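The values are calculated or read from the model by the stated rules, or taken from the named source; none is laboratory data. Quick caveat, the model's predicted, so the values are computed rather than measured. Here the Cβ positions follow ideal geometry from the backbone for every residue, glycine too, while neighbour counts run over all protein chains shown. When the accessible area is computed, the model is the full protein with side chains, heavy atoms only, and any ligands, DNA or RNA have been set aside. Shrake-Rupley method; radii C 1.70, N 1.55, O 1.52, S 1.80 Å.
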Amino acid sequence: SFTFEWGNIPLCNTGSPGRVPNPIFTLSGVPEGTKKIKFKMVDKMSPYNHGGGTVQYSGQKVIRPGAFKYDSPCPPGSVHTYVWTATALGKGMMGRAKASKKYPEKGK
């Protein structure tokens, strides 16, 4: 499983996302034998694929911004729910987890 925080990305509500550093991912329960974790984000309320990236995994609990870049969340004038999928890779797929969050977050 994992959680994430958007981090220090510019506010975007135009519907035209920009390239930004990945969120702060906090990992737990990563399957033994995992060598890489592939992250991918989609907008649950729109068919837009925001991309993601793959990071080397060596037991770290936190993936800091800058491991990869993706297209930022950028709902046109509203709040959307975004879903990150993390796929643990070793000798094949080791496991998969999802986490979602609204953007912009209330009060931000």
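Label separation (I24 vs E5): 0.2 nm, computed from points 7 Å beyond Cα along the C-beta direction. Taking 0.36 nm per residue of separation and subtracting the Cα-Cα distance, full extension of the segment from T14 to K91 would add 23.6 nm.
On the protein heavy atoms, probe 1.4 angstrom, tell me the percent of accessible surface of the chain carried by carbon and sulfur.
Working: 3290 of 6270 Å².
After summing per-atom areas, the C and S share lands at 53 percent.
The protection proxy used here, the mean number of other Cβ atoms lying within 10 Å of each residue, ranks peptides 21-27, 99-105 as follows, highest first: 21-27, 99-105. Full extension of the chain between T81 and R64 yields a length gain of 4.0 nm, computed as 0.36 nm times the residue separation minus the alpha carbon distance.
With all protein chains kept in place, the per residue accessible area of the chain amounts to 58 square angstrom at a probe of 1.4 angstrom. Taking Cα pairs under 8 Å and at least six residues apart, what relative contact order does the chain come out at, in percent? It comes to 32 percent, rounded to a whole number. Rounded to the nearest Hz, the phi-derived 3J(HN,Hα) couplings of the range 73-90 under the Karplus curve 6.51 cos²θ - 1.76 cosθ + 1.60 (θ = phi - 60°) are x, 7, x, x, x, 8, 10, 10, 9, 10, 10, 9, 10, 10, 10, 7, 10, x, where x marks glycine and proline.
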